[in-house]
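The values are calculated or read from the model by the stated rules, or taken from the named source; none is laboratory data. The structure presented is a predicted model; accordingly, all values stated were derived computationally and were not measured. Backbone-built Cβ (ideal geometry, glycine too); neighbour counts: all protein chains shown. Surface accessibility is based on the protein's heavy atoms, side chains included, excluding ligands, DNA and RNA. Shrake-Rupley method; radii C 1.70, N 1.55, O 1.52, S 1.80 Å.
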Amino acid sequence: MNTGFSFDRALTYPFKAPHFKSFPWLFGLAYAAIYVALFLVIGLLGWQALAEWFLALQQLENDPNPMPADVFGLFFGGLGDLVPLILMGSVAGWVVWAMFETASQRRYIFGAKFSLGFGGDEVRMMVVGLLWALMSLVIFAIPMVVMFGAFGTLAAMDLNGPMDDQAAARFLGTFFAGFGLMFLFSLLYIFVATRLAPCFGLTVKDKEIRFFDAWNVSRGRFWPILGAYVIIVVVVSVLSQIISAIAQMLMMPFLMSLPVDGGSPTEEMAAIFLSPAFIAPMALLYFGLLFVQGLMQHFVGAPAALAARHDPRNDLGDAERVDIFS
């Protein structure tokens, strides 16, 4: 085992990598600012579709005996007008994620200062991110198909009429089978994701797409990578929950005092969505949440990045590599 990588170093690497006093905090602030701006743009462009969807859901809540088919149809059908915005936001979010992930890996691999850009490294990171999403989709494809089958059975049932014992048995059997498969395949995902986790740092380090090659880097390092990752996630998640609770508690008085004007329900929703009294508190709330999320994205990547830095085949060693980004 290469002595440059260990559980202790993986766990403390987010704090011992260069530029700890500046990098994570600039990373979190920029992350929150860019994503809040992105959400505001998408929200302002799609406020009318969102308002109509919320109103339809509210009417459904007032129905004492809603049909499952109506619930599913309204929930997914109401997203139709939002599909273009969702696609645009997804592509923009993909690009922004790649920019931040590349910046994060540059700190861990090369000791670079915080900077954002878009070039070859970011494009390669986008490809690696896409491969990661496809890997996740392939692993969870079977349990997802089973779970959708269960909900399809539920949507076809008439809950207001006599109970169909056979249909109920099919739903329960399919649901619990899907739940069990989801648990088993989650264990498989954890194993595969841990083994492939160094792909992000390896891609930045070698300036080539190194997705499956990460399997070789993580050989014999599964438990240190996973253990350090879990501890970091738990700590940051607790911090995130505390900040979320505080932020929501502080913002609630502002949201409860929103003025509602207008003659029609849609105009009333517009008065809420487009009101500075709504936008400002929500922007502040999500800025705090996204700041913590940005810190989490940066910190949790450290164990696998350290493994990529100390690739047994071409270890950088403890000496700092030349900072080619300065």
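The table below lists the values:
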read-out: Helices (runs of 4 or more DSSP H) wholly inside the stretch 1-100 containing at least 2 residues that are within 19 Å of the chain's Cα centre (by Cα), at pLDDT 90 or above and within 24 Å of Gly129 (Cα to Cα); value: 23-45
read-out: Residue that is modelled with the highest pLDDT, among those in the stretch 116-159 that are surrounded by 15 or more Cβ atoms within 10 Å (Cβ to Cβ) and not in a helix (DSSP H, G or I); value: Leu116
read-out: Number of the exception - Pro162 against (1) modelled with pLDDT under 85; (2) in a helix (DSSP H, G or I); value: (2)
read-out: Leu250, sole failed condition from (1) surrounded by 15 or more Cβ atoms within 10 Å (Cβ to Cβ); (2) modelled with pLDDT under 75; value: (1)
read-out: Residue check for Leu239: at pLDDT 65 or above and buried (at least 16 other Cβ atoms within 10 Å of the Cβ); value: no
read-out: Matching residues in the stretch 224-236 - criterion: being touching a residue at least 12 places away in the same chain (Cβ under 8 Å) and either open to solvent by less than 40 Å² (accessible area, probe 1.4 Å) or hydrophobic (A, V, I, L, M, F, W, C) (or both); value: Pro224, Ile225, Leu226, Gly227, Ala228, Ile231, Ile232, Val233, Val236
read-out: Per-region count, the stretch 193-223, residues over 23 Å from Ile139 (Cβ atoms) and surrounded by 15 or more Cβ atoms within 10 Å (Cβ to Cβ); value: 3
read-out: Search result, residues across the stretch 293-316 that are within 18 Å of the chain's Cα centre (by Cα) and farther than 16 Å from Ile231 by Cα; value: Gly294
